[in-house]
Every structure is written in C-alpha cells, then in structure tokens.
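Peer 1: Pasting a structure below so you can have a look.
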Amino acid sequence: MGFQNFLRNVCSKLGENNKPTYAVVAIAAVKGICRPTFTMMDKTEKPETKKYTALREGLTELIAIPVYLACGYLAGKCSPLFTKNVTKEDFLNNKVKQDIANGINNDKITSAVKSAEKQLEKYKMRATNNLRFIGVCAAALVAIPALCSVTIKPVMSKILKIPSETPKPEQKTTSADIRPVYNNKPAVKLKSYIAAPQTGMKVGGV
C-alpha cells in the first residue's frame, strides 16, 4: 500500500503540473543510455564503427539534456510578459462584478472570487507550459543541432585521438613548367659525334 500511495501521489503531481521539459529530458536520458548500449551490442559492425557511433549518440544526448532544461526554463520565465494584463476580474461575470462594485459581500460572491482566482492560476500555468513547449521546440530545432555541430567533432577527436589532417597546398602549374614534347625518341647528343674516333677513308687523301 505504501508504494501504491507513493506512485499515486507522483502521478497526480505530474498530472497537475506536467511540464513539457520533463518529457523531453526523460526521452533524451533514455536515448543517451539505450542507443549507445544497443549500438555496442551489434555484432555485425566493426568495433571502430560501433565505438564511434555510440560515442556520438551519447554526446548528442548529453548536450541535449541541459539545453532542453535551459530553453524550457527561460521560455517559462517570459510568461509574465504575456499574462500581466490578465486579472481575476476577467473570470467574473458581470453580475458578480456589479455586486462587488455595490459593496455586496456574501458567500456567493466570495465563492465566485475564489473560483476566479483558481481560474487565473490555471490560465497562468497553461501560458507558462505553452511557452516552455515553444522553448523545447526551439532547442530541438535550433540550439541543439548548432551546439552539436560545434562541439561534438573536436571532443570526439580528443577522446578517440583522431589526428587532424591538414590539406597540402596545391601546386600551381605555370607556363614555364610546361615543355612541349614533339616525339618519344631520345635526344641525340652532338658531343657523341664529335668525340667519336675518325676512321675510314678521308676526302682528299689527307
């Protein structure tokens, strides 16, 4: 019975104040644990590939959790900007407003005022949760991909000790380096004719 009461209280509290941030953080935590585990359990992949993929998935969710929390919290703090002009009088009907203006105070008016206060609180809570949902969506669409693209690659390079290859500068070919090729025959050296011994018949009998 003790555990059932505890579970019932937890579920009721989550139902009364179910923040969108709780859901996405829970999903990110489960993905950060299960996806790398299942990746490492895959026997069809190479160990290097499994290690790289599991590390990338774990780092992605590790970055996502604090970003979700921060964006949801900051978006929820903007709620007073949208609800500051809403008061409990907006939830009272005209008859009750007239009775309050005339100074009438009875149990019916007191009950109506309390009901209006509760409705105002629920209205502000819905506005806060809606803004938190917008903040979570902004985190998933913009903030998390931007941070992952900036941080994951250098962090993984340090953890896995991947050397950073620097591309070699391209050598530009100039016109001076281009030499025309007329044929494939070896060039005949003039010195070979001059240095060759002079034998045989000579012209003029000398």
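Peer 1: Given the conditions (1) out of contact with any helix residue (DSSP H, G or I) (no Cβ under 9 Å at 6 or more places or on another chain); (2) in a helix (DSSP H, G or I), report the number of the one that GLY103 does not fulfil.
Peer 2: Result: GLY103 passes all but (2).
Peer 1: Quick check: is even one residue across the range 11-20 among the aliphatic types (A, V, I, L, M) and either over 24 Å from LEU131 (Cβ atoms) or surrounded by 13 or more Cβ atoms within 10 Å (Cβ to Cβ) (or both)?
Peer 2: Quick first cut of the range 11-20, residues among the aliphatic types (A, V, I, L, M) only: 14.
Next, from what is left, pick out any that are either over 24 Å from LEU131 (Cβ atoms) or surrounded by 13 or more Cβ atoms within 10 Å (Cβ to Cβ) (or both): none.
Looking for residues that are among the aliphatic types (A, V, I, L, M) and either over 24 Å from LEU131 (Cβ atoms) or surrounded by 13 or more Cβ atoms within 10 Å (Cβ to Cβ) (or both), one finds none in the range 11-20, hence no.
Peer 1: Give THR166, THR174, THR151, THR199 a once-over and let me know the one that is open to solvent by less than 100 Å² (accessible area, probe 1.4 Å), modelled with pLDDT under 80 and either on the phi > 0 side of the Ramachandran plot or out of contact with any Ser or Thr (no Cβ under 6 Å at 6 or more places or on another chain) (or both).
Peer 2: Values: THR166 fails: open to solvent by less than 100 Å² (accessible area, probe 1.4 Å); THR151 fails: modelled with pLDDT under 80; THR199 fails: open to solvent by less than 100 Å² (accessible area, probe 1.4 Å).
Testing whether each residue is open to solvent by less than 100 Å² (accessible area, probe 1.4 Å), modelled with pLDDT under 80 and either on the phi > 0 side of the Ramachandran plot or out of contact with any Ser or Thr (no Cβ under 6 Å at 6 or more places or on another chain) (or both) leaves just THR174.
Peer 1: Something else: Find all pairs meeting these conditions: Cβ atoms under 7 angstrom apart; at least six residues apart or on different chains; first residue within the range 127-152 and touching a residue at least 60 places away in the same chain (Cβ under 8 Å) and more than 20 Å from LEU55 (Cβ to Cβ); second residue aromatic (Phe, Trp, Tyr) and open to solvent by less than 50 Å² (accessible area, probe 1.4 Å).
Peer 2: Between residues of the range 127-152 that are touching a residue at least 60 places away in the same chain (Cβ under 8 Å) and more than 20 Å from LEU55 (Cβ to Cβ) and residues that are aromatic (Phe, Trp, Tyr) and open to solvent by less than 50 Å² (accessible area, probe 1.4 Å), the close pairs are VAL136/TYR68; ALA139/TYR68.
Residues are listed down the side, and each one gets a yes or a no for (1) surrounded by 13 or more Cβ atoms within 10 Å (Cβ to Cβ); (2) at pLDDT 85 or above; (3) within 20 Å of the chain's Cα centre (by Cα); (4) not in a helix (DSSP H, G or I):
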{"residue": "PHE6", "(1), (2), (3), (4)": "no, no, no, no"}
{"residue": "ARG35", "(1), (2), (3), (4)": "yes, yes, yes, no"}
{"residue": "LYS43", "(1), (2), (3), (4)": "no, yes, no, yes"}
{"residue": "TYR73", "(1), (2), (3), (4)": "yes, yes, yes, no"}
{"residue": "PRO80", "(1), (2), (3), (4)": "no, yes, no, no"}
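Peer 1: Scanning the range 82-104 for residues that are open to solvent by 80 Å² or more (accessible area, probe 1.4 Å) and polar (S, T, N, Q), which turns out nearest to the chain's Cα centre (by Cα)?
Peer 2: ASN85
Peer 1: Still on this model: Find all pairs meeting these conditions: Cβ atoms under 7 angstrom apart; at least six residues apart or on different chains; first residue within the range 56-83 and at positive phi; second residue open to solvent by less than 30 Å² (accessible area, probe 1.4 Å) and modelled with pLDDT under 95.
Peer 2: So the pair list comes out empty.
Peer 1: Check off (1) modelled with pLDDT of 60 or more; (2) open to solvent by less than 80 Å² (accessible area, probe 1.4 Å) for LYS118 and give me the number that stays unchecked.
Peer 2: Going through the list (1) modelled with pLDDT of 60 or more; (2) open to solvent by less than 80 Å² (accessible area, probe 1.4 Å), LYS118 breaks only (2).
Peer 1: For the range 106-115, give me each residue that is open to solvent by less than 90 Å² (accessible area, probe 1.4 Å) and either assigned to a loop (DSSP other than H, G, I, E, B) or among the basic types (Lys, Arg) (or both).
Peer 2: Within the range 106-115, just ASN106 meets the criteria.
The values are calculated or read from the model by the stated rules, or taken from the named source; none is laboratory data. Bear in mind the structure is a predicted one, so any value in this text is a computation, not a measurement. As a convention, Cβ positions derive from the backbone with ideal geometry for all residues, glycine included, and neighbour counts pool all protein chains shown. Side chains are part of the model used for accessible areas, which takes the heavy atoms of the whole protein and leaves out ligands, DNA and RNA. Shrake-Rupley method; radii C 1.70, N 1.55, O 1.52, S 1.80 Å.
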